[in-house]
Amino acid sequence: MLTLNFILALTWMVLQRSFTFSDFIVGFSLGFAVITIAQVALREQLLETANFQRRQDIGRYPLMVWKVLSFIIFAFWSIIKANIDVARIVLRPRLNINPGIIAVPLDVRSEIGITLLANLITLTPGTISIDISTDRDTLYVHCIDIQDADALRADIKQSFERRVMEFFP
């Protein structure tokens, strides 16, 4: 449904002959409204053509869009916070850091979920995903400053991994 929403937004932009961000937002909003209203009428057709989709998932498009938007906002906010933390470390008169590698046990099992988690960690300044175990149970992360390894591990699991698992368990 999200793909359809993007297609409707792009169609709106083509019909308007204007490719600005504001036109995309208007097209996306109109597409969102059309899809939300049309879901009731399309329910049976969607179930017949998409056998992989569970009945309880039909009609949850607004919730899914909200989750995607909140994930994007969370990712940007995490990147901003990490930039500030790294700037503080770099601008300190005495460089008192404790770099190291931590092992984060994984609950996420899907390939795309692990990839998204590793990329999100790498995009956050001060951390970089360096390896995953062959059994895909552990992700190894290098951190610029580790004050408490257990707290950092718990933070990665509670903030990043929990949000990734909402989409790709």
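The values are calculated or read from the model by the stated rules, or taken from the named source; none is laboratory data. Since the structure is predicted, the reported quantities are computational estimates derived from the model, not experimental observations. Please note: Cβ atoms are built from the backbone with ideal geometry, for glycine as well, and neighbour counts cover all protein chains shown. Quick note on the areas: whole protein, heavy atoms, side chains included, nothing else; ligands and nucleic acids left out. Shrake-Rupley method; radii C 1.70, N 1.55, O 1.52, S 1.80 Å.
For region 155-169, residues that are farther than 26 Å from ILE97 by Cβ and either in a strand (DSSP E or B) or open to solvent by 50 Å² or more (accessible area, probe 1.4 Å) (or both) total 7. Scanning region 116-134 for residues that are open to solvent by less than 70 Å² (accessible area, probe 1.4 Å) and farther than 21 Å from VAL65 by Cα yields ALA118, ILE121, THR122, THR124, PRO125, GLY126, THR127, SER129, ILE132, SER133. Here LEU152 clears all of (1) at pLDDT below 95; (2) in contact with a Ser or Thr (Cβ under 8 Å, 6 or more places away or on another chain); (3) surrounded by 12 or more Cβ atoms within 10 Å (Cβ to Cβ) except the condition numbered (2). When ALA103, ALA118, ALA87 are checked against the criterion of being touching a strand residue (DSSP E or B) at 6+ places or on another chain (Cβ under 9 Å) and not in a strand (DSSP E or B), ALA118 stands alone in meeting it.
Restricting attention to region 135-149, and to residues there that are under 14 Å from THR115 (Cα atoms) and not hydrophobic (A, V, I, L, M, F, W, C), which single residue is least open to solvent (accessible area, probe 1.4 Å)? So the residue we want is THR138. For region 81-103, the count of residues that are at pLDDT 90 or above and closer than 30 Å to SER29 by Cα is at least one.
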